[in-house]
Each structure stands twice: as structure tokens, then as C-alpha cells.
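Colleague: Before I ask anything, let me first share the structure, which is written out below as C-alpha cells.
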Amino acid sequence: MNLLAPLGLIGLIGIAVLIFIYIIKPNYQQKFISSTYIWRLSLKYKKKRVPISKLRNLLIFICQLALLANLGFLLARPVVKELTNTPKNERIAVIDASAGMMVESEGKTRFERAAEQIASLADSTLSSPDGAISIIVADTEAYVLVSRARADALTEVKQKLAGVSSGELTCGYGSADIDGAAKLAEQILAENSEAEVLLYTATEYSDRGGFTVIDVSSVDDWNAAVLDCKPVLLETNEYSFSVDVGCFGRSKAVAVSCEIFGVNRSRGEDGNVGAGVNLSATKTEYFTDADNRKVLEFTKEDFGSDAILTFEYMYVHIDEADGFSTDNAFNVYGGTRPVLRIQYASTTANNFFSGALRSLRQSLSDRYTVEISTVGTSSAKTEGFDLYIFEHKMPDVMPTDGVVMLVDPDRAPEGSGIELGGVVAVDSSSRLASGRAHPLTTGINPERITVAKYNRVTSSDGFEELMYYNGDTVMAVKNTDAEKVVLLTLDLNNSSFGISLDFPIFMYNLFNYFFPATLTGGNAYEVGDLVTVNARGNDMTLDGPGLDNETFDSLPATVRVNIPGDYTVSQTDMKGDRESEQFFVRIPVSESDITKTVDALPTLGSQTTTDENITDLLMWFSAAALLLLCVEWLLHSRETL
């Protein structure tokens, strides 16, 4: 027995009061009478009744004690608590909201069929007063749609499920977060371990991990898909294309078409780019359930063309009336690389710069088309290039576009922001010292670089000093929206810098710092991927499905793409030209395979839960109190007879 109001036991003080009353109660009274004769006659009867009277008085006392104790317990609200297993009439419905659930047949998608079946489950479960239902949506990030709804919430539950037809409840374009859904289900199981967890999906699982799997697929479901397409740059510097195609749920022949636009566009002397040509090719392959995925190779022979050196984009598509059209097309970008124009102007050109630039042109060929112009200082230009390298003899005026590198300057060009104090000759074994840490000097050890001659810098407003000799600046950099300048005051012919490993590292750092790749991960991604974008210029915007020319506070920036389609990254380069690069986002390959079997579902874990039933003893104690009161009254009435 348990007490809901233990303070009510204070009422038991009445027992002590009753005992005290009996203690102080006198056993006899002193009376004066005229004669004892009349008492003598009844004395013999009195002695016979004494034992019965004592027993009756004792019973009355016991009844009074029991009555007071009973009343005290009544004030304390006595109950009986019992632990029983939680009710089993509770359902947790997990609905798979992955892209594969958008497959349609007979006018309904798998997702719509799942919502209808869950609505029927809610009807049957909530028809009982003890029924409860929860609904978890396993989208790319799982969330709870309905939490432990009871019978009075049936209408609301159905309204939320009806959101499928209105577009308020939809599938995502990625994979289902089944692990997250399992964790949410475990939170509900912690309250009722007897609840049944049902997963409405079209995926087969070899190990169901405590889920009851409801298959919502149809025998008519099938899907033909372009899973991936990769341009392959051959050793001959021409492209071929590798197309990954699948056909799931049906055995049939599928035609795959590739259309390439802007092939081999040429650049004129004025810098303008021609239209190029458009090419197309089609291949047909037969797919079966046992062989439902194939890689098709498209080469220049398939297109009936000469070598494909550049292209604007390629459109790969399958024209089939399957149940899922989202993955029937694939756009391939990256066939035309941005052009970086470099001018190397020197009075005596050396192999240090020429060799490093040629190596960078080759190593960065997948990122840029690098055009190198080596000229004498008299014919050097100050506009139209992305990188200017002036060695020994400096221009009169600094270029206003691109990155400018001043090496062994004989004077300070107008607008450079530096002042020179003359040439300093030192011992040829003199070594440099480190300045401020900077991306340009990553991996470079100045202490192994010797110098015999350099030009002293007396003023360098806005520059960061990166390397020193005896307190004099030898390397510095300025990077603002208006000015991007690298200053190297030593002569490579009078230093070990040009022949050391540090020089190619420095040149590679320079390219990565001032000319970062716009897209570090290529031009094709899956839904849910993180895309890192960077800019060579001063601004950048990203446009695409779900975006509206999004801008960035800082670069590089990372964006998660959640909708398939084409995205465009636009930026204004250092020459003031507007440039654009595109990338394509596809649904995950696993979602195109609508007949896949997955090894295992997460194992649901929960401890056994119980419900506490309470039986109120108020009526029983009240009946006992009434009975004791009646018995006590009856004993008192017998005393007067």
C-alpha cells in the first residue's frame, strides 16, 4: 500500500488522545447513600456480570482505536500501486522519404502509397482508446511528423499525411536518414518498449534489426538512369567519355544519347572565342536483372569527329517512359578550362621562371589553360594579363589588372607603393630569415636560401614582409581588392633560390594563392555533397535550384547542395571580365537502383518499460470506518441493557 498524502497520518495523533482520555478517566465515584441494603441484594448479580462488562469495554476501546487509525489513513489517501507492462497498441511508422520513393507506377508514387497505408494504420490503431501512433519521416535528415498521437488527434494525423497530395509532405532528393530515424524511434520506445516500429519502404533488407518492413513497391516499378558521366583527358590531350548507365526492374534495350556542344572553340587574335561545332552519338545496350549496370565508352570515332580538345558541355540522356525521370539526364561540364594569360618580361630571361611556368602549365592543365608570353622589357604590356612578371627592368606604371610580380627591381614603378634605397652586395653565403607566416611561404625554409645581392626597400606601405636579410625586406606581398603585388628584391642569378626546391614550391604557392580553383571537387556532385567554391577576383555568386545568386561573406566557402540540376558560379576576374563555371548535381547512384538490397537496418535498442496502475482504497477504508462505528455503537447499546 502507498499513501498519496502522507501528511494525513498526522490524524493518528487521535489514538494518543484517546489513550490519554482512558488513563485520566476515574474508575469510580464517591457517593453518600442512606443505606447499603438495596446494594447488598444485587451484589451477587453484579459480580456475575463484571467479566462480560470488562470484555465489552475492551472491545469498545479496540473499536475506537481502529476507527481513529482508519480515519488517519483516510486523510493520507491510501492506494495500491501495481507495475504492469506498457500497452502494446502503439505504432511507430517510419516513412522512407528518399529519392527512390518518387518512382511512379499506376499513377502513384511509392511515397504516396506509403502515406495511404500509414493513414489506414492510424485508423485501426486509434480506433481503440489505448491506441497511439507516431510518424517519423526519414528524409535526408530524419524528423518527427507526429508524436504519440491519441484517438482525439486522428483528424490532425490524417491532415498531415494528406500533405503528400498538396506538396507539403514530400520526398527529398537524397538518401534516407534511416540511422537518424532509428534514434528518434528509440526515444519513443524509451516511453513504451512494446510499441511496434514499422518501416514503409521499397528497399529490401537482409537484416531488419527490429523493424517491421512494409514493402510499398509495385511490380510495375522500373527505372533507367544515367548514373554518372566522366570526361577522360587522354595522353593526346583529347577527350573521351565514360558513361555509367543502369536499368533496374525490367529487362530491355536502352538507348543512350550524348550531345556535345561547342566542340573545339577557337580563340582569335582579338581574344574572342568562336562558336565551335556540335556533335552527337547514340549507343544501345540490353540490360537484364542479372546485368543491370554497364559503362559505355564514347570516343571521337563514335561522334565521327577529329580529336575533341575542348567542349562547352555535354548532354547525356535516356528517352524512356520509366517511373523516375529525374535521373534520365546528365550534364557534363569542365571541357573548357579558364585561360590564364602570363607575361614574363625580363632583360635577360632565365630558365628558373621559364621552367617553373612550363611545369605549372602541365600540372595545372586540368584546372586552367595557361598561356605564357615571354617578352623583352621594351615590348612588355601593362594590361590584358592575369599574371605579370617583371624582372630586372621595371615598367613606368604598374598594371591595374592581374597579379604583378616585381623581381630584382631597378626602380619603383608608379603606383607600386614601394621605395628603393639601392643595391646591397653581401657575402654569397649569407642566408635569409623568416618573416610573417603566409600561404606564399608554406613549405619554404629561408635558412637554406643564400643571397649575394638584393635591392634595399626603404618603404613598402600595405605589404606583408615574408623574408628578410639582416632586417631588410627580401620578399613581401600585398593583396587587396585593388592591388595584388609580389615583391622579390633579390636577383635569382645571385642567389640559390632559383636552383633550390623552394623556388618551384614558391611558384606553386603563388598560383594556389592568387589563382585558386573555382571548384575544388570537379564539375559533378551528388545531392547532399559539400561544394567548396573560391574566387580569383573580388566577388562571386552561386545560382541554381533553391538558390538565387547567393553571395558569400568570405572565401573559400562551402555550400551543401540538396536539389539535383545545374548550378552556375559567376565571378569577376582581376581583368574585370565576367566569368562563369557550371557544375551538375545528380541524385545518389544508390537511389537510382530501385531494386537494391541493403545488408542491414540499424538495430533498435530499448529497455522494457512498465505502466503504473493505481487502485484507490478510499472506499474500502470508508466502509471499514462505517463498520467500526456501527460495532462501537452496538457495544455501547448492550452496555445499557
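The values are calculated or read from the model by the stated rules, or taken from the named source; none is laboratory data. Bear in mind that the values here come from a model prediction, so they are computed numbers and not experimental data. Note that we place each Cβ from the backbone using ideal geometry, even for glycine, and neighbour counts take in every protein chain shown. What goes into the accessible areas is simple: the full protein's heavy atoms, side chains included, and nothing from ligands, DNA or RNA. Shrake-Rupley method; radii C 1.70, N 1.55, O 1.52, S 1.80 Å.
Colleague: Compute the length gained on full extension between Ser554 and Glu194: take 0.36 nm times their separation in residues and subtract their Cα-Cα distance, giving the result in nm to one decimal. Walk me through the numbers on the way to the answer.
Modeller: Details: separation 360, 0.36 × 360 = 129.60 nm, distance 5.14 nm.
Gain in length upon complete extension: 124.5 nm.
Colleague: Send over the semi-axes of the range 472-611's equivalent ellipsoid, whole angstrom and largest first, taken as the square roots of 5 times the C-alpha gyration tensor eigenvalues.
Modeller: On the way: eigenvalues 411, 98, 51 Å².
After diagonalising the Cα gyration tensor, the semi-axes are 45, 22, 16 Å.
Colleague: Sticking with this structure for a sec: At a Förster radius of 35 Å, what calculated FRET efficiency corresponds to the Cβ-Cβ distance of Ala253 and Leu309, to the nearest 0.05?
Modeller: Details: r = 33 Å, r/R0 = 0.94.
The computed FRET efficiency comes out at 0.60.
Colleague: A further question on this structure: Would you pull out the residues with amide H under 5 Å of Leu145's amide H, same chain only if 5 or more places away, H placed 1.01 Å from N?
Modeller: The answer is Ile135, Ile136, Val137.
Colleague: Rounded, prolate or oblate: which fits the range 517-578 when a ≥ b ≥ c are the square roots of the eigenvalues of the alpha-carbon gyration tensor, with rounded for a/c under 1.5 and prolate only if a/b beats b/c? Could you put the intermediate results ahead of the total?
Modeller: Numbers: a/c = 1.93, a/b = 1.69, b/c = 1.14.
It is prolate, given that a/c is not under 1.5 and a/b is the larger ratio.
Colleague: Can you tell me the accessible area per residue over the chain, all protein chains present, probe 1.4 angstrom, in square angstrom?
Modeller: Result: 51 Å² of accessible area for each residue.
Colleague: Rounded to whole Hz and in sequence order, give me ³J(HN,Hα) for the range 226-241 from the Karplus expression 6.51 cos²θ - 1.76 cosθ + 1.60, θ = phi - 60°, writing x for Gly and Pro.
Modeller: Running phi through 6.51 cos²θ - 1.76 cosθ + 1.60 with θ = phi - 60° gives 8, 7, 6, 8, 10, x, 10, 8, 7, 5, 7, 6, 10, 9, 10, 9 Hz.
Colleague: Using the Kyte-Doolittle scale, find the helices of the chain whose mean hydropathy is at least -0.5 and whose Cα atoms extend 15 Å or more along the helix's long axis, counting only whole DSSP H runs. Walk me through the numbers on the way to the answer.
Modeller: Values: long enough: 13-24 (17 Å, 3.16); 37-75 (54 Å, 0.64); 110-126 (24 Å, -0.19); 178-189 (16 Å, 0.60); 351-363 (17 Å, -0.29); 502-514 (18 Å, 0.52); 618-639 (32 Å, 1.15).
What comes out of the filter, once short or polar helices are dropped, is 13-24, 37-75, 110-126, 178-189, 351-363, 502-514, 618-639.
Colleague: Note down the relative contact order for the chain as a percent, whole number, built from C-alpha pairs under 8 angstrom at least six residues apart. Working shown, then result.
Modeller: Details: 1328 pairs, mean separation 95.5, N = 641.
For the chain, the relative contact order is 15 percent.
Colleague: Sort the range 547-586 into rounded, prolate or oblate with this rule: let a ≥ b ≥ c be the square roots of the eigenvalues of the Cα gyration tensor; rounded if a/c is under 1.5, and if a/c is not under 1.5, prolate when a/b is larger than b/c, oblate otherwise.
Modeller: Working: a/c = 2.59, a/b = 1.55, b/c = 1.67.
Oblate, because a/c is 1.5 or more while a/b does not exceed b/c.
Colleague: Sorted from largest down, give the three principal axis spans of the alpha carbons of the range 256-390, whole angstrom values.
Modeller: 69, 30, 28
Colleague: A further question follows. For the range 110-175 and the range 475-511, what is the separation of their Cα centres, given in Å?
Modeller: Between the Cα centre of the range 110-175 and that of the range 475-511, the gap is 63 Å.
Colleague: Next up: Viscosity 1.567 mPa s, temperature 4 °C: Stokes-Einstein D of the range 446-532 from its Kirkwood Cα radius, in µm² per second?
Modeller: Roughly 84 µm²/s, to the nearest whole number.
Colleague: For the range 199-209, take each phi angle, set θ = phi - 60°, evaluate the Karplus expression 6.51 cos²θ - 1.76 cosθ + 1.60, and give the result in whole Hz per residue in order, putting x for glycine and proline.
Modeller: 10, 9, 8, 10, 8, 8, 10, 6, 10, 8, x
Colleague: Using 0.36 nm times the number of residues separating Asp152 and Val295, minus their current alpha carbon distance, what extension gain do you get? List each step's numbers first, then the result.
Modeller: Details: separation 143, 0.36 × 143 = 51.48 nm, distance 5.52 nm.
Extending this stretch completely gives an extra 46.0 nm.
Colleague: Moving on. Once you have a ≥ b ≥ c as the square roots of the Cα gyration tensor eigenvalues for the range 120-208, tell me rounded if a/c is under 1.5, and otherwise prolate or oblate according to whether a/b is larger than b/c. If you can, show how the numbers build up before the last one.
Modeller: Numbers: a/c = 1.87, a/b = 1.19, b/c = 1.57.
Cα axes put the range 120-208 in the oblate bin.
Colleague: Once amide H atoms are built 1.01 Å from N in the peptide plane, which residues 5 or more positions from Leu199, or in another chain, come under 5 Å H to H?
Modeller: Close amide H contacts, sequence-distant or interchain: Val94, Thr212, Val213, Ile214.
Colleague: Also, I was wondering about something else. Skipping prolines and chain starts, which residues have an amide H placed within reach, meaning under 5 Å, of the one on Met394, given they are 5 or more residues away or on another chain?
Modeller: Asp410, Arg411
Colleague: With θ set to phi - 60° and the Karplus curve 6.51 cos²θ - 1.76 cosθ + 1.60, what are the ³J(HN,Hα) couplings of the range 343-349 in order, to the nearest whole Hz, using x for Gly and Pro?
Modeller: Along the range 343-349, the couplings run 10, 10, 10, 8, 6, 9, 4 Hz.
Colleague: When ranked by the protection proxy of mean other Cβ atoms within 10 Å per residue, highest first, what sequence do the peptides 465-472, 137-144, 544-551, 196-203 form? Present the calculation step by step, with values, prior to reporting the outcome.
Modeller: Values: 465-472: 18.2, 137-144: 20.0, 544-551: 12.5, 196-203: 23.6.
Final packing ranking: 196-203, 137-144, 465-472, 544-551.
Colleague: Say the dipole of the range 150-230 comes from +1 at the beta carbon of Lys and Arg and -1 at that of Asp and Glu; which of Leu161, Val213, Thr201 then lies farthest toward its positive end?
Modeller: Final value for the positive-end residue is Leu161.
Colleague: Once neighbouring chains are kept in place and the probe is 1.4 Å, which whole percent of the accessible area of the chain is contributed by carbon and sulfur? Please list the in-between numbers first.
Modeller: Numbers: 16670 of 32580 Å².
That fraction is 51 percent.
Colleague: Over the Cα atoms of the range 479-521, how large are the radius of gyration and the largest Cα-Cα distance (Dmax), in Å?
Modeller: 13.3, 41
Colleague: Per the Kirkwood formula on distinct C-alpha pairs, the Rh of the range 343-455 is how many angstrom? Present the calculation step by step, with values, prior to reporting the outcome.
Modeller: On the way: mean 1/r = 0.0627 Å⁻¹.
Taking the inverse mean of 1/r over all distinct Cα pairs, the range 343-455 comes out at 15.9 Å.
Colleague: Given a cut-off of 28 Å, what percent of all Cα-Cα pairs of the range 145-292 lie beyond it? Walk me through the numbers before you get to the answer.
Modeller: On the way: 5693 of 10878 pairs.
I get 52 percent for the Cα pairs in the range 145-292 exceeding 28 Å.
Colleague: Based on the alpha carbon coordinates of the range 71-190, what radius of gyration and maximum Cα-Cα distance (Dmax) apply, in Å?
Modeller: Spelled out, the Cα radius of gyration and Dmax of the range 71-190 are 18.8, 73 Å.
Colleague: Further, regarding this structure: Taking Cα extents along the principal axes in Å straight from the coordinates, which label in (i) 82, 59, 53; (ii) 163, 74, 35; (iii) 76, 65, 46 is the correct one?
Modeller: Among (i) 82, 59, 53; (ii) 163, 74, 35; (iii) 76, 65, 46, the one derived from this structure is (ii).
Colleague: Using label points projected 7 Å from each Cα along Cα→Cβ, tell me how many nm separate Asn512 and Leu9, to one decimal.
Modeller: Result: 7.6 nm between the two label points.
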